[in-house]
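The values are calculated or read from the model by the stated rules, or taken from the named source; none is laboratory data. Just so you know, these numbers come straight off a predicted model, no measurement behind them. Don't worry about glycine lacking a Cβ; one is built from the backbone with ideal geometry, like all the others, and counts go over all protein chains shown. Accessible surface is based on the protein model in full, side chains and every heavy atom, while ligands, DNA and RNA are left aside. Shrake-Rupley method; radii C 1.70, N 1.55, O 1.52, S 1.80 Å.
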Amino acid sequence: MDGFHTKNKSLIFATNNANKLCEALSIMGDRYTIKNLHDLKILVDIPEPHATLALNAQEKSSFIFNLTKQDCFGEDTGLEIEALNNAPGVKSARYAGEQKDPIANIHKVLNELQGIKNRKAQFKTVISLIYKGQHHLFMGIQNGLIADVPRGSQGFGYDCIFIPEHSTQTYAEMDATTKNKQSHRKKAFTEMIFFLDNYHSSDIHQNLDLHST
Ligand code: IMP
């Protein structure tokens, strides 16, 4: 790790989601200055119109890069449930409609899984980083199971129905530190941090396919 080059790198996180920002700050530590759209007074809800998480993540980073010309990243996350042919996936935010209501989304998932024994699922986070004007993609996956009923009051989104592998608790039953130790977001951010820390040997990075990720 190159402490000299990584000290106080400043990045814009193209999000309005306070929960995602909070997790990012705790994962990135104090070697990075992370600003979100609220900090920059950029009052937009960047659209997520695409068929893959990677394209949506890139939509967010490109939108902010075009506006600011600064190093920035966007992320898109989806819950993929095996028995539902990987739905809600890229449609996770709007699964029960345009109002993006997390409770309605959870109800829809649990209704569709009623009576189904296969509860296997994964959370997938894709980050699109624009660093020194170049695009880079990073991904983190956490396998787990969908609970029969919502459990816990921490976290956000689908946290109360997702039980990560090797745990008996849902994310919403864990404290933030425990979730952030092994989550999909932690894994994707760790990939990005590794890239940034090793920027001068960036040839070790293999980029992901935008259209299938
Ligand atoms: P997006 O990445 O903001 O489009 O989020 C997609 C959907 O997944 C939204 O409904 C979020 O609330 C939900 N979501 C994103 N990340 C997480 C997470 O870490 N835990 C639970 N739900 C999440």
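Put Met139, Met28 in order of accessible area, largest first, 1.4 Å probe: what do you get?
Working: Met139 65, Met28 5 Å².
Accessible-area ranking of Met139, Met28, largest first: Met139, Met28.
Taking the alpha carbon gyration tensor of segment 66-125, what are the square roots of 5 times its eigenvalues, largest first, to the nearest whole Å?
On the way: eigenvalues 164, 40, 9 Å².
Equivalent-ellipsoid dimensions as semi-axes: 29, 14, 7 Å.
Mind checking segment 122-211 for trypsin sites (Lys or Arg not before Pro) that DSSP puts in a loop (not H, G, I, E or B) and that have at most 10 other Cβ atoms within 10 Å? Kindly include the intermediate steps, with their values, before the conclusion.
On the way: sites: Lys124, Lys132, Arg151, Lys179, Lys181, Arg185, Lys186, Lys187; in loops: Lys132, Arg151.
Hits after loop and neighbour filter: Lys132.
Return a whole-number percent for the relative contact order of the chain, with Cα pairs under 8 Å and 6 or more residues apart as the contact set. Walk me through the intermediate numbers first.
Values: 400 pairs, mean separation 42.4, N = 213.
That works out to 20 percent.
Mind checking the per residue accessible area of segment 9-204 for me, 1.4 Å probe, whole number of Å²? Let's see the in-between values first.
Working: 9430 Å² over 196 residues.
Ligands and nucleic acids excluded, the figure is 48 Å² per residue.
Which value at 222 nm does the chain reach when only helices count, each DSSP H run of 4 or more adding -39,500 (n - 2.57), with the total divided by all residues and rounded to the nearest 500 deg cm²/dmol? Don't skip to the end; give the middle numbers.
Working: 6 runs with 63 residues, N = 213.
After summing the helix terms and dividing by the residues of the chain, the value is -9000 deg cm²/dmol.
Any idea how far apart Thr190 and Glu98 come out in nm if each label point goes 7 Å out from Cα toward Cβ?
Roughly 4.0 nm, to one decimal.
What net charge is computed for the residues neighbouring Pro102, neighbours being all others with C-beta under 14 Å from the C-beta of Pro102, Lys and Arg scored +1, Asp and Glu -1? Let's see the in-between values first.
Values: positive: Lys20, Lys91, Arg94, Lys100, Lys108; negative: Glu98, Asp101, Asp159.
It works out to a net charge of +2.
Leaving ligands, DNA and RNA out of it, report the carbon-plus-sulfur percent of the accessible area of segment 88-175 at a 1.4 Å probe. Walk me through the numbers on the way to the answer.
On the way: 2210 of 4360 Å².
Taking all protein chains in place, segment 88-175 shows 51 percent carbon and sulfur surface.
Using the alpha carbons of the chain, what is the convex hull volume per residue in cubic angstrom, as a whole number?
Details: hull volume 26.1 nm³, N = 213.
Once divided by residue count, the hull of the chain is 122 Å³.
Pull out the extension gain between Ser10 and Gln154, defined as 0.36 nm times the separation in residues minus the alpha carbon to alpha carbon distance; nm, one decimal. It would help to have the intermediate numbers written out before the result.
On the way: separation 144, 0.36 × 144 = 51.84 nm, distance 2.88 nm.
My answer for the length gained is 49.0 nm.
Could you give the length gained on full extension between Ala176 and Asn111, defined as 0.36 nm per residue of separation minus the Cα-Cα distance, in nm? Walk me through the numbers before you get to the answer.
On the way: separation 65, 0.36 × 65 = 23.40 nm, distance 2.77 nm.
Taking Ala176 through Asn111 to full extension adds about 20.6 nm, to one decimal.
With respect to the cross-link table entries Lys91/Lys117; Lys35/Lys132; Lys117/Lys181; Lys60/Lys91; Lys9/Lys179, which display a Cα-Cα separation exceeding 21 Å? Present the calculation step by step, with values, prior to reporting the outcome.
On the way: Lys91/Lys117 23 Å; Lys35/Lys132 17 Å; Lys117/Lys181 28 Å; Lys60/Lys91 16 Å; Lys9/Lys179 25 Å.
Where the Cα-Cα span goes over 21 Å, the pairs concerned are Lys91/Lys117; Lys117/Lys181; Lys9/Lys179.
Using DSSP to call loops (not H, G, I, E or B), can you name the chymotrypsin sites (Phe, Trp or Tyr not before Pro) in segment 88-185 whose Cβ has at most 14 other Cβ atoms within 10 angstrom? Walk me through the numbers before you get to the answer.
Details: sites: Tyr95, Phe123, Tyr131, Phe138, Phe156, Tyr158, Phe162, Tyr171; in loops: Tyr95, Phe156, Tyr158.
For chymotrypsin sites (Phe, Trp or Tyr not before Pro) across segment 88-185 that sit outside H, G, I, E and B with at most 14 neighbouring Cβ atoms in 10 Å, the list is empty.
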